[in-house]
Amino acid sequence: MRRQQSDTRRSAPGFIDTFEGVNRWGAAALRVRLLGPVDVLVDGAARPVRGQRRKAVLAVLGLHPGEVVSTGRLVDLVWGDAPPPNAVNALQSHVSYLRRTLGDKAVIASRPPGYLLDAGGEGTDVAVAERRIAAGLQEADPAARARHLQAALELWRGTPLADTGGLPWLDEQAERLGQLWLRGRRALLEARLGLGQHAQLLPDLEQLTREHPFDEQLHGLLMLTLYRLGRQADALAAFRRLRGTLDDDLGIEPGAALRDLEAGILRQDPELDAPAPVAATAPAVPAQLPLAVGTFAGRTGELARLDSLLTGATGDTADTGAGGVAVAAVTGTAGVGKSALVVHWAHRAAGRFPDGQLYVNLRGFDPGGRPVDPADAVRGFLDAFGVAAARVPAGLAAQAGLLRSLLAGRRVLIVLDNARDAEQVRPLLPGTPGCLAVVTSRDALTSLVALEGALPVAVDLLSAGEAGDLLVRRLGAARVAAEPAAVAEIVARCARLPLALAVAAGRAATRPELPLADLAASLRAAGTPSGTLDAIAGDDPVSDPRAVFSWSYRALRPAAAELLRRMSLAPGTDLGAGAIASLAGVPADAARVPLAELVRANLVFQDTPGRHCLHDLLRAYAAEQAAVHDAAPGHRLAVHRLLDHYLHTADAAARLLDPARGPRRLGDPQPGTTVPRPRTRGEALAWFDAERDPLLAAVRLAADAGFDGHTWRLAAAVTTFLDWRGRWHDLAAVHETALRAQLRGRSPAVDHAGLGDTACALGRTYARIGRYEDAEHHLGAAIWVHEQAGDTAGLARAGYHLGGLALRLRRYPQALTLTEEALRRFDRLGDRIWRARALNATGWIHGHLGEHRQALQRCREALTETIELDDRHGEAGAWDAVGHAHHRLGDPRQAIACYGHALRAYLELGDRSGEAAVLAHLADAHDDAADPVTAAEHRRRGLSILSTLDPAAGA
């Protein structure tokens, strides 16, 4: 039996570039995919292969690329010991089918005594994976090795040859490919461990060692990771568990390499220590272009017009005038293919811009009416170049100036998609030659053409020939050629609109037995609904894409149609599986089938694995259908479930990150809500990373829809994550939204504890970004609210953070008074975690007052309490404070030992700002211990970390 492969491969970031080169026939780029369900990619579009025997034939040929496989061997491998009497004829039929699917009969060549798959060196995902893994294993540099191996592992889409089970030879091959994945996975983990990424690797290693209980190499990596995280006892326990498993099940002892590793851990061999992080030596080179549309056709004139800008932009000649900046304004009606044109062209031109390609969807005509703020887009571009938060000034004008300075002298392609108007894009334009900006919009952008000299590129409907070419690329030349009259009517009924043609072709592609004449008849009979899509309809009613949408919509089964309507209610750019299931009010497993139906019908799109979205026009159409078919209470209930999904999952994840949050009064989620429960801190952070933008949108949705309780509770739940990730502006924005929602005149409904907590969190965030007056105002307001409500716990926390603000402002006596009062309140409440943290804070303040012995006494007491409470974050802060006191009392060696404990804790937690602060303290202590070399290394590492954080993060 083939082994099931770990789901960890599916969580890898990024996606595979399926366009690694045009094949040698100059036709569509082709790849046979075997590392998962068997299918083929043609120009990036997946084409299914129907029938197990056909898949088996393709798999056997794909596993012998460039080799002739005899007819007899094919029959043996595809049918096993009992082939049918007509096996040879059936084989010929299967090969004919596969040639049609591949789109070129030359790909499977008849070569006596059998057949040969001639798809080139990149023609199968197996060949690409084997090449990349081999390259990675030969690479000496850990970073380069990790890149090769990561790219290889992303090719796996599940169990190899997943739908050819039961055929012995293919089962053996599936096992071999599974072992290849495991070999690459081991090597990738080892490379990342060499890069010092032990904290991020621990969840994967724990899962993999459970799945492979006898794999000594994986267990060795787990032991080394635990040791480098400061968990020596856990590392040795992992060895003992493996030794027991091997003895009980196999009757053997661990190998010599693992026994040597155990000995090294026991004696704390310095050679086992983590390598120092390597500072970046080169600027980031962003590559943000989305995947190109596989069915792109025509647009020769528009492509040539865009090409005319390339020479001047890349500096070969002065094509853009006297040192002008190259800008193109690509405009046209909705659904006409502006984005597809520009992305297709941008991929062709990317090689001319070696310093990177930037992309942002400005959502200028989003149905939700929320275009991207130019400031958010600017900050996104600065992030893409790796600009530290410390370098980002306040205000859009200053941030745009920094972006222009960063682009000066570089050759960068900037794609500004779906702009509302010229004002939205001006802050994003470069200021000097060398870069090229391409803007798409439904707006004419006349002022951009007049003032910035943008080259206008008007995109009109496809010609009849181009529209036919689009259908050929999606449906195949034979099928289109067989029904020319039906094709002509489909093109006319779709008004030669690319979006409408793509949806119609998608439906036809999923029904290969359906005559195109039936599709044409359905389009002819479809009505023309009224509503929000009127704005994109032309003078001729047949140019209204509703006819195509309605035809596809009516072909859906009821569950899929209802899910489409529900998805139109969600904010944000994309949705995860839990959010989709919650909107539908069904378990996640039950939502998969209708969701897959929507994807097949090209009504829902999957830009990244596990995340789905609707095109804005489809979202508008689905919202129309929801208004027609669903009652308003059903809408609100679906939104309630969606918000419950985000709130309950985020709260559970946040409590994993920081146990000091304690339980929250959330109430039970609505029936039908899906609430995934992260099990580890790593899983919690991964969930937050994937859902960051939808969570921010959910806070706004909750406020707009009047779910005030969800608004402030969601804002509270995302606080720790945004704080750890340094997203200070986002954090301030969500709490500002929450505060407005709580203060809009609903005094009977106000939750005063929530109001006080929101004001407190907003004040603390303002302190982090240097808005000290605003911080003091909001923290004072929080104290007043909690006093009025008699909320002692809230009052204690607000006072604690106000003391922290006073410490930042060097008002040490005031900081001590406020923090000691908070300490007394926590003591009376019996809140031991917050009491220990406040006690440690008083010690810090005594240290700043020069009272180092009193500081040492208090911080030692706090350290004891945090260890007893298993408050790892509080423990890290206490070790740091105890070390600081020892240092100031003239004992740098003792300080170094304490700082080492703090550093290991912060590394384990992934708290980068805490890590940087401790490294600075270690540097000072090593200087005083007459060890300037080590001091310089710690200082370099600390400064490297601080350069990526908000300046307040290390305070």
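Rule-based calculations on the coordinates, nothing more; no lab input. What you are looking at is a predicted structure, and each value in this text was computed from that prediction instead of being measured. Glycine also receives a Cβ, built like all others from the backbone with ideal geometry; neighbour counts cover every protein chain displayed.
As a length-normalised measure over Cα pairs under 8 Å and 6 or more apart, the relative contact order of the chain settles at 7 percent.
Counting only alpha carbon atoms, the long axis of helix 558-567 and the longest principal axis of the chain meet at about 50°. Computed from phi, the 3J(HN,Hα) profile of segment 221-234 under the Karplus parametrisation 6.51, -1.76, 1.60 (θ = phi - 60°) reads 5, 5, 4, 5, 5, 4, 5, 5, 8, x, 10, 4, 4, 5 Hz, with x in place of Gly and Pro. Sorting 799-807, 439-447 by average packing, meaning the other beta carbons within 10 Å per residue, from highest down gives 799-807, 439-447.
Summing charges over all other residues whose Cβ lies under 15 Å from the Cβ of residue 793, with Lys and Arg as +1 and Asp and Glu as -1, gives +3.
Compared with the dominant Cα axis of the chain, that is its longest principal axis, helix 681-704 is turned about 80°. A cut-off under 15 angstrom between Cβ atoms defines the neighbours of residue 330, and their net charge, with Lys, Arg +1 and Asp, Glu -1, is -1.
When each of the peptides 413-424, 808-819, 924-935 is scored by the mean number of other C-beta atoms lying within 10 Å of its residues, the order from highest to lowest reads 413-424, 808-819, 924-935. Amide H contacts of residue 328 (H built 1.01 Å from N, in plane; Pro and chain starts excluded): 437, 438, 439, 455 sit under 5 Å, all sequence-distant by 5 or more or on other chains.
Using R0 = 22 Å, the C-beta based FRET efficiency linking residue 110 and residue 79 works out to 0.65.
Sequentially through segment 337-344, phi angles give Karplus couplings (6.51, -1.76, 1.60; θ = phi - 60°) of x, 4, 5, 4, 4, 5, 5, 4 Hz, Gly and Pro residues having no value and appearing as x. Each semi-axis of the equivalent ellipsoid for segment 353-469 is √(5λ) with λ an eigenvalue of the Cα gyration tensor; in descending order they amount to 27, 17, 14 Å. Rounded to 0.05, the FRET efficiency of the residue 832 and residue 383 pair, given R0 = 35 Å and the Cβ-Cβ distance, is 0.35. Taking the Cα centre of the chain as origin and assigning +1 to Lys and Arg Cβ atoms and -1 to Asp and Glu Cβ atoms, the resulting dipole is close to 1000 debye. Each Lys or Arg adds one and each Asp or Glu subtracts one; over the other residues with Cβ under 13 Å from the Cβ of residue 116, this totals +2. Each of 378, 504, 694 was placed along the dipole of the chain (beta-carbon charges, centred on the mean Cα), and the one lying farthest toward the positive end is 504.
To the nearest ten degrees, helix 752-768 and the longest principal axis of the Cα atoms of the chain are 90 degrees apart. With the simple model of a label 7 Å out from the Cα in the direction of the Cβ, residue 247 to residue 300 spans 7.8 nm.
At a Förster distance of 35 Å, what's the computed FRET efficiency of residue 789 paired with residue 680, Cβ-Cβ distance as r, to 0.05? Efficiency computed from Cβ-Cβ geometry: 0.45.
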